[in-house]
Amino acid sequence: MLTRRDTLWGMGGLSLALTACGQAGSTQSQQQSKRNLLKIPELLSGTKRGVYTEYNLKIQNGTSTFFEGRSTSTIGVNQAYLGPTLKMDVGSTVRINVNNTLQEETTLHWHGFHVPAKYDGTPHQTMMPGETWTAQFEVRQNPSLFWYHSHAHKQAGPQVYRGLAGPIIVKDPNRLEPELPDSYGVDDVPLIVQDRLFGNNGELIYARSMHDIMMGMQGDTLLVNGIVDPVFECKTELLRLRLLNGSNARIYDFQFANRQSFLMIGSDGGHLEKALEMSQLRLSPGERADILIDMRHGEPRQLIAASTSNEMGMMDGAMMDGGMMGNRWWPGNDREDQDRSTFNVLLIVPNAKLDPSPSVPTVFMKHAAVNPADAVRTRQFVLRMGMGMRSGNGFTINGRSMDMGRIDERVKLNTTEIWEVQNASWMPHPFHIHDVQFRILDRDGRLPAPHETGLKDTVLLAPRERVRLLLSFKNYADPDIPYMYHCHILEHEDAGMMGQFVVES
């Protein structure tokens, strides 16, 4: 563990001072800061009622102002857009009362959580207008960032797009891990990153064209916690950002404007074993990351997100049998640079005098060993997209589109399996599995990158890529109520790239 007097990132002595930002850009952003200050979601710690910690949530329509003088119709939880941060403790038993005041059906799914299937918030736990649904479960997660969002059947895309989502932070009251920044909203800040498309009147545009379904809905404006181009005033030497890609479809490479480094300390399901020095981090929809930033150098720095377009990939795929195009989109190809667009995520402006932060941890608790020999069987999952010209199969997993009445897989309680997932389409897909946190065994036979060696619930697959995952089914069995696995491009999920599995005792 390094002290504050040591070089933060080790021998290289790298800083994160935003020298490449430029004086004009920095001044302009600071001038905007009064109206674009980052909004920190309200923190709900729940109310203790007997053995339960209880939360009351109301899903509601609202009106938001993303641009001065223009109003936008939105959905929020306990507010107009997005929802509060739910703080939960490892080992606590929670009860969450969710009231649907919309004029449409919806659900609320606890993304990344290991809960009984009847409380998972899938399309099988629909709330009709005016209904209240109660979920209760023990918090069995490791400390990390999770989130909740709509999982309504064929309506997850438009409902999340309008704002039906929010973060969950799980903490360990026993503090078994090294000390980290944990003052919520001060040095521990969640960032919900979403791209949106607005009309001239300020209303959200969610066009259900074939293009939007095929590519997933993408916008030209980035919202961070519901704010356009936000600024954050940093008061501490060390800043912890909990990144969530809450977009419907867009994939981002997060980095600082001058490509300087940060420390990644956690992924979807908890801490990594070791902090990793990185200068760029890719997150697909549903994925999260926990990063630390050194602010002691006292200069503003701009966090940006570079996005890759699939427009050319789509056209090339349409010209080939089955919609296949090979690996053109993935990093390292010649076309990537010309297809990238960049969004401002957050301008971080430090105070002249910063409060001291804890020493920087570099080593965390060991993960359980990954042993493929523990698996009792291997299952194959093949993701395909029909272009509507030759295949006509639509969005499928193993050749089948989602059917609420069909159970696709049955697994046994207290067993471990390997799920081999193949992306047989021409564009990338983030694959999400409910109920479990898995470990990535390999990508096309190669070991995962160090930042992917922790617990995950969503994994991004490149075109034509094959990924093997190791996952265990524990604690909860229900032969009738299923969990889901699906592409987390929400338009693909809604269009049928989803399946169901039950856990049987």
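The values are calculated or read from the model by the stated rules, or taken from the named source; none is laboratory data. Just so it is clear, the structure is predicted and the values come from calculations on it, not from any experiment. With ideal geometry, Cβ positions are generated from the backbone for all residues, glycine too; neighbour counts draw on all protein chains shown.
Would you check which residues across segment 273-303 are small (Gly, Ala, Ser) and assigned to a loop (DSSP other than H, G, I, E, B) and list them? Break it down stepwise before answering.
Step one: of segment 273-303, the residues small (Gly, Ala, Ser) are 275, 279, 284, 286, 289, 298.
Within segment 273-303, Ser279, Ser284, Gly286, Gly298 qualify.
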**Study point:** Residue that is surrounded by 22 or more Cβ atoms within 10 Å (Cβ to Cβ) and assigned by TED's automatic domain parsing to the domain that holds Met264, where the choices are Leu204, Leu191
**Key:** Leu191
Check your understanding: So which residues in segment 466-505 are surrounded by 19 or more Cβ atoms within 10 Å (Cβ to Cβ) and not in a strand (DSSP E or B), if there are any at all?
Key -> Tyr476, His488, Ile489, Leu490, Glu491, His492, Glu493, Asp494, Ala495, Gly496, Met497
Revision key, fill the gap. Going through (1) within 22 Å of Ala117 (Cβ to Cβ); (2) among the small types (Gly, Ala, Ser); (3) touching a strand residue (DSSP E or B) at 6+ places or on another chain (Cβ under 6 Å) one by one, Gly405 fails only at (3)
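Any residue in segment 18-25 that is at pLDDT 50 or above and either within 25 Å of the chain's Cα centre (by Cα) or in the same structural domain as Pro190 (by TED's automatic domain parsing) (or both)?
Scanning segment 18-25, I find no residue that is at pLDDT 50 or above and either within 25 Å of the chain's Cα centre (by Cα) or in the same structural domain as Pro190 (by TED's automatic domain parsing) (or both), so the answer is no.
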Point to revise | Of all residues in segment 200-234 being small (Gly, Ala, Ser) and at pLDDT below 95, the one that is nearest to Ile40 (Cα to Cα) | key: Ala207
Exercise for review: Looking only at segment 242-253, decide whether some residue is acidic (Asp, Glu) and not in a strand (DSSP E or B).
Suggested key: no
Check your understanding: Mind checking whether some residue in segment 166-187 is buried (at least 18 other Cβ atoms within 10 Å of the Cβ) and within 30 Å of Trp426 (Cα to Cα)?
Key -> no
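Among the residues of segment 186-204, write down those that are aliphatic (A, V, I, L, M) and without any contact (Cβ under 8 Å) to a residue 40 or more places away in the chain. First the steps, then the outcome.
First, pick out the residues of segment 186-204 that are aliphatic (A, V, I, L, M): 186, 189, 191-193, 197, 204.
If the condition is that a residue be aliphatic (A, V, I, L, M) and without any contact (Cβ under 8 Å) to a residue 40 or more places away in the chain, then Leu197 is the only one that fits.
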**Study point:** Failed item in (1) part of a strand (DSSP E or B); (2) under 28 Å from Met497 (Cβ atoms), with Lys235 passing the rest
**Key:** (2)
Point to revise | Subset of segment 26-51 [modelled with pLDDT of 95 or more and of a type in the set (Ser, Thr, Tyr)] | key: Ser45, Thr47
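So is Asp442 assigned to a loop (DSSP other than H, G, I, E, B), under 30 Å from Phe364 (Cβ atoms) and of a type in the set (D, E, K, R) or not? Steps first, answer last, please.
Details: assigned to a loop (DSSP other than H, G, I, E, B): no; under 30 Å from Phe364 (Cβ atoms): yes; of a type in the set (D, E, K, R): yes.
Spelling it out, it is not the case that Asp442 is assigned to a loop (DSSP other than H, G, I, E, B), under 30 Å from Phe364 (Cβ atoms) and of a type in the set (D, E, K, R).
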